[in-house]
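K.L.:
Here you go, one structure.
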Protein chains: 2
Amino acid sequence: MTTAAKMPQTGAELRRLVREGKFRQPTSGVAPDHVQANVAILPKEVAFDFLLFCQRNPKPCPVIEVIEPGQVEAQISSPGSDIRTDVPLYRVYKDGALVDEPPNLNEWWRDDLVTFLLGCSFSFEHALIRNGIELPYFGTERNVPMFKTTVPTVPAGPFSGPLVVSQRWIPQDKVVRAVQATSRFPAVHGAPIHIGDGAAIGIKDQFKPDYGDAWIPEDDSFVPVYWACGVTPQAVAMASKSELMITHSPGHMFVTDMKDEDLAVF
Amino acid sequence: MTTAAKMPQTGAELRRLVREGKFRQPTSGVAPDHVQANVAILPKEVAFDFLLFCQRNPKPCPVIEVIEPGQVEAQISSPGSDIRTDVPLYRVYKDGALVDEPPNLNEWWRDDLVTFLLGCSFSFEHALIRNGIELPYFGTERNVPMFKTTVPTVPAGPFSGPLVVSQRWIPQDKVVRAVQATSRFPAVHGAPIHIGDGAAIGIKDQFKPDYGDAWIPEDDSFVPVYWACGVTPQAVAMASKSELMITHSPGHMFVTDMKDEDLAVF
């Protein structure tokens, strides 16, 4: 395994190491400032409905790139890549149930599969950090707290379900800055969907997340701020019980050649 | 025909008049501050590729809403609407050739048709005007000048072709403001794609547009600024020679219930 000192500095470098079997760990902190993507691979017959679901729910489901049926190279964001080999760890679901967690897709690839690369929160978290907002879980083994809400997504075909959000405690005097800094990145979840008491979006206990680790703020000068989360499309796709669905294993992202700033709208 | 004094003030009001056969004219200036949309209706078999084309080319092809196969109501942007009757004038193309210009789709509707509502420049033009930038063609019979460029779009399936841009001459001291004002609206073409001499994007004569009317600036304190144009997806879809394609007739848009500000990202 690579050490921090030898961490790959670009998406292409990371993908080569993964393909050669030399990198099999979470990608947080790898290839700084490069866009990392959530992966969802589905059969062609549900691809239109899933793309439409993403179009209707751009905050939780920001599309970085779609690889056409049977194609394996992310030509736009990552020339030379191969989606069958370049993700450090995959998960394979049949009819909504986890059946395999392979290091490549040699045994699972089919010519009718369509790959969706969806934006992840790493890009806007870098923007928060650059603006002096501390994220205590960043670069640790801990994960951001995530909650199921009572906010519905807009359905498309077989895809529907509640919005999942991530929670970050922001110093009162940095809340406006946090909104501004993340608004620049609509392609990676963008502006928050809620500021303040989570009860308004159906969160019963703001210290008991449904996924990830609880975050207890130091004192009451911190305000909880909620962003749409990339777990939403995975949960929705899984609930649709597609005959086959392949994703990255949590934390083991596909790293592109794009830079975070390429995704900023201004 | 309605007069300016009696112009419908909302999308719902306009659509009702159109449906009753009482409004059959261009929609410029109708329902102020409401989002107007370009219409492209295509068979289901090419719908995934066309949606993917839009995802890959969001500046010329900003998707406001997609109505699923056989459905006729734009439930998200315009509840109660009927796409078969609510556009003032349609155009019907078979294999890329214009065959009809009907006031409704009673004779052409099929259950496999998918409707794409794409953002149009009216929304960001209002933003320019609010920022003190004059558009001499606005509210007249003249049209904005539009040019084919040598900038390629990113292809998807059968859809490919050059980017078409609209041209606006902006006072030198307002160029930065024009970029800022339109950057707020990525869902309706967003920021310019080029500032200055059009030769850089393949425009040979900046006073001889391929569509619309020439715009000669008063003096050389004006700078030409180019935005991606909604003619692009229509030209691309037409060039694909889809067996059937239905659009709005130029200027006769579908008017939604959404407000321009609903599309602003910040």
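The values are calculated or read from the model by the stated rules, or taken from the named source; none is laboratory data. This structure is a prediction, so every number in the text was calculated from the model and none was measured. So basically every Cβ, Gly included, is an ideal-geometry build from the backbone, and we count neighbours across all protein chains shown.
K.L.:
Hey, does region A:165-176 have a residue that's in a loop (DSSP other than H, G, I, E, B), out of contact with any strand residue (DSSP E or B) (no Cβ under 8 Å at 6 or more places or on another chain) and not assigned by TED's automatic domain parsing to the domain that holds A:Val72?
P.N.:
Within region A:165-176, not a single residue is in a loop (DSSP other than H, G, I, E, B), out of contact with any strand residue (DSSP E or B) (no Cβ under 8 Å at 6 or more places or on another chain) and not assigned by TED's automatic domain parsing to the domain that holds A:Val72.
K.L.:
Quick check on my filter: what residues within region B:106-120 are farther than 9 Å from B:Val39 by Cα and aliphatic (A, V, I, L, M)?
P.N.:
B:Leu113, B:Val114
K.L.:
Looking at region B:236-251, which of its residues are of a type in the set (Ser, Thr, Tyr) and closer than 22 Å to B:Asp86 by Cβ?
P.N.:
Within region B:236-251, B:Thr247, B:Ser249 qualify.
K.L.:
How many residues, within region A:52-81, are β-branched (Val, Ile, Thr) and within 9 Å of chain B (Cβ to nearest Cβ)?
P.N.:
3
K.L.:
Taking into account only those residues within region A:24-51 that are more than 14 Å from every other protein chain (Cβ to nearest Cβ), surrounded by fewer than 21 Cβ atoms within 10 Å (Cβ to Cβ) and within 23 Å of A:Glu101 (Cβ to Cβ), which is modelled with the highest pLDDT?
P.N.:
Within region A:24-51, the match that is modelled with the highest pLDDT is A:Arg24.
K.L.:
Which of the residues belonging to region B:159-193 are surrounded by fewer than 17 Cβ atoms within 10 Å (Cβ to Cβ) and within 20 Å of the chain's Cα centre (by Cα)?
P.N.:
Listed by number, the residues that qualify are B:Ser160, B:Val179.
K.L.:
If B:Val188 satisfies all but one of (1) modelled with pLDDT under 95; (2) at positive phi, what's the number of the condition it fails?
P.N.:
Among (1) modelled with pLDDT under 95; (2) at positive phi, B:Val188 violates only (2).
K.L.:
When residues of region A:208-248 are filtered for being closer than 16 Å to A:Gln167 by Cβ and among the acidic types (Asp, Glu), how many remain?
P.N.:
Final tally of qualifying residues: 4.
K.L.:
Looking at A:Pro209, A:Pro186, A:Pro192, can you tell me which residue is more than 14 Å from every other protein chain (Cβ to nearest Cβ) and not polar (S, T, N, Q)?
P.N.:
Exactly one residue qualifies, and that residue is A:Pro209.
K.L.:
On to the next question. Mind listing just one residue for me: the one in region A:241-266 that is in contact with a strand residue (DSSP E or B) (Cβ under 8 Å, 6 or more places away or on another chain) and over 25 Å from A:Pro103 (Cα atoms) and, of those, nearest to the other protein chains (Cβ to nearest Cβ)?
P.N.:
By that ranking, first place goes to A:Leu263.
K.L.:
Still on this model: Any idea how many residues of region B:5-54 are without any contact (Cβ under 8 Å) to a residue 12 or more places away in the chain and either among the charged types (D, E, K, R) or within 30 Å of A:Leu51 (Cβ to Cβ) (or both)?
P.N.:
The total comes to 3.
K.L.:
Next question. Within the bounds of region B:87-106, is there any residue that is polar (S, T, N, Q), away from chain A (no Cβ under 14 Å) and touching a residue at least 40 places away in the same chain (Cβ under 8 Å)?
P.N.:
No: zero hits.
K.L.:
Still on this structure: Would you pick out the residues in region B:52-78 that are in contact with a Ser or Thr (Cβ under 7 Å, 6 or more places away or on another chain) and assigned to a loop (DSSP other than H, G, I, E, B)?
P.N.:
B:Asn57, B:Pro60, B:Cys61, B:Glu73, B:Ala74, B:Ser77, B:Ser78
K.L.:
One residue is enough: does region B:161-176 have a residue meeting the conditions touching a Leu at 6+ places or on another chain (Cβ under 6 Å) and either more than 14 Å from chain A (Cβ to nearest Cβ) or of a type outside the set (Ser, Thr, Tyr) (or both)?
P.N.:
No, every residue in region B:161-176 fails to be touching a Leu at 6+ places or on another chain (Cβ under 6 Å) and either more than 14 Å from chain A (Cβ to nearest Cβ) or of a type outside the set (Ser, Thr, Tyr) (or both).
K.L.:
Looking at B:Phe138, B:Phe147, B:Phe222, B:Phe185, can you tell me which residue is of a type in the set (Phe, Trp, Tyr), touching a helix residue (DSSP H, G or I) at 6+ places or on another chain (Cβ under 8 Å) and closer than 30 Å to A:Ile67 by Cβ?
P.N.:
Every option except B:Phe185 fails the conditions.
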